[in-house]
Amino acid sequence: MYPCLSPGGSAVYDSPTAAGRLLVGTQGGVVELEETAAVWREAGRGLADHHVCALIGEPVSGNYYAGTHDAGVFVSPDGRHWQPASQGLEHSNVFSMASVRRPDGSVRLYAGTEPAALFESRDFGQSWQRLTGLDHTTGREGWMFPAPPFIAHIKQIAIHPQDADLIYVCVEQGGLYSSPDAGKTWTEHTAGMPNDAHRVLLHPTRPGRLFLANGFFFNRSDDGGKTWFEMKEQTKKIGYADPLVYHPRRPETMFVSGAFATPDTWVKGSANVSIARSSDGGDSWQYARGGLPDEFKPSVEAMCLEAVGDACRVFIGNTDGEVWLTEDEGTQWRQIASGLPPVSKCFHADLIHGKLDLTEVRIPDEIRALMEQMVIREA
């Protein structure tokens with residue numbers, strides 16, 4: 001299947017040969033990019049009237065699924081022709097999607113929404129059921145989002161590579177939660193740290209090792225999320241961490257990206273993004289931004305990795321409607337597409353382009369103090 005690049009969808013792909021195609025979720029639908037003689041071109045668009053936040057490919061059915069901010073879920077057999085697939089979905093604003101093939105061969109799809117809720121499909125998207133266990137979890141009464149409409153959402157869904165029942169969700173803002181029983185019961189993992197959970201990475205060969213990209217730097221746990229420590233001394237330029245991927249055949253190789261500071265600082269027109277790579281399973285990190293502008297202004301909202309044997313391709317998409325690619329693990333990046341609709345979750349592109357007024361925000365004093373410290377730290 002083709003790799004998909006979107007803020008809230010699948011981010012790790014394993015291919016015997018490079019697919020040569022990429023599906024990109026944008027504010028103006030799904031854009032298909034095609035590679036010919038090392039040159040990438042736009043090959044088609046679908047769902048042009050919808051803001052696509054999540055894209056996944058499901059290999060058993062061969063289907064692609066798109067989660068939109070305005071019209072629920074759509075399904076396609078080829079990434080070009082789309083049909084609605086939202087029966088039973090109670091909310092139309094879908095931020096995240098994931099799929100898993102279970103040991104018995106069955107497939108489950110998941111969709112995370114705003115308001116924050118998790119839905120499951122066992123029939124390839126023909127119908128959806130709400131996993132109500134998350135509705136009763138600890139701390140839910142405090143979930144909120146600081147900007148209008150002040151409603152929390154499920155920003156990412158992750159399923160452990162070796163355990164189809166072990167599901168993690170990042171609630172923005174509410175924290176990181178896991179379920180050991182496919183969504184029946186849930187445990188919070190972010191007590192004592194900022195609850196702006198963006199993305200979690202579950203190391204497939206190091207039991208208990210988790211990485212959490214959040215609104216205040218980047219954290220690692222070696223005990224399954226019971227305790228955490230910050231990685232900011234190694235990734236000082238990444239304050240507002242978000243995209244996070246690993247190589248499925250060489251899981252010690254990982255990438256993380258993020259802006260220098262929180263989105264309130266982007267109103268000047270720059271997120272000042274950096275990208276870092278680890279080659280030792282997250283013990284240490286080095287910047288991997290060769291070929292990128294010295295000040296990378298657009299926010300990188302999506303990253304995906306396509307493994308091709310032991311090699312890999314890493315794609316990023318940003319709020320300026322650009323797609324960049326590295327084929328040497330960040331030593332050199334090159335732009336392969338521009339002029340696309342912005343790749344962006346909810347309002348980030350409008351914010352950085354000066355089209356949004358965020359004067360009405362609800363930020364606790366302790367969080368505002370952290371934001372101020374982030375801005376004045378040494379770059």
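The values are calculated or read from the model by the stated rules, or taken from the named source; none is laboratory data. No experiment lies behind these values; they were computed from the predicted model shown. Using ideal geometry, Cβ is built from the backbone for each residue, glycine included, and neighbour counts are taken over all protein chains shown. Heavy atoms of the whole protein, side chains included, go into the accessibility calculation; ligands, DNA and RNA do not. Shrake-Rupley method; radii C 1.70, N 1.55, O 1.52, S 1.80 Å.
Computed values, structure above
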read-out: Label point distance in nm, residue 359-residue 102, each placed 7 Å from Cα along Cα→Cβ; value: 5.2 nm
read-out: Solvent-accessible surface (1.4 angstrom probe) belonging to residue 229, in square angstrom, nearest 10; value: 90 Å²
read-out: Relative packing of peptides 12-18, 206-212 - highest average C-beta neighbours within 10 Å first; value: 206-212, 12-18
read-out: Among 137, 50, 309 the positive-end extreme of the charge dipole of the chain (Cβ point charges); value: 309
read-out: Diffusion constant of the range 147-236 at 25 °C, which comes from Stokes-Einstein with the Kirkwood Cα-pair radius and 0.890 mPa s, µm²/s; value: 185 µm²/s
read-out: Net charge, residue 309 excluded, C-beta distance under 15 Å - Lys, Arg +1, Asp, Glu -1; value: -3
read-out: Largest-first ellipsoid semi-axes for the range 1-137, taking √(5λ) over the Cα gyration tensor eigenvalues, angstrom; value: 26, 17, 12
read-out: Interatomic Cα distance distribution for the range 256-358, bins of 10 angstrom, percent; value: 15, 47, 29, 8, 1
read-out: Dipole magnitude (debye, nearest 20) for the range 1-126, charges at Cβ of Lys, Arg, Asp, Glu; value: 180 debye
read-out: Residue-count net charge about residue 338 - beta-carbon cut-off 11 Å; Lys, Arg +1, Asp, Glu -1; value: -3
read-out: Straight-distance crosslink candidates among lysines, where the alpha carbon sits under 22 Å from residue 237 and sequence neighbours closer than 8 are dropped; value: 268, 297, 345
read-out: Label-point gap, in nm, between residue 34 and residue 308 - each point 7 angstrom along Cα→Cβ; value: 1.8 nm
read-out: Computed over the chain, Cα set: Rg, Dmax in Å; value: 18.8, 54
read-out: Sum of side-chain charges, residue 45 neighbourhood, beta-carbon under 15 Å (Lys, Arg +1; Asp, Glu -1); value: -2
read-out: Where labels lie 7 Å past Cα in the beta-carbon direction, separation of residue 141 and residue 21 in nm; value: 5.1 nm
read-out: Rounded D (µm²/s) - the range 8-65, Kirkwood Rh over Cα pairs, Stokes-Einstein at 4 °C, 1.567 mPa s; value: 105 µm²/s
read-out: Label-zone membership for the range 110-142, site residue 191, 7 angstrom Cα→C-beta point, backbone N under 16 Å; value: 137-142
read-out: Difference of contour (0.36 nm per residue) and Cα-Cα distance, residue 268 to residue 233; value: 10.0 nm
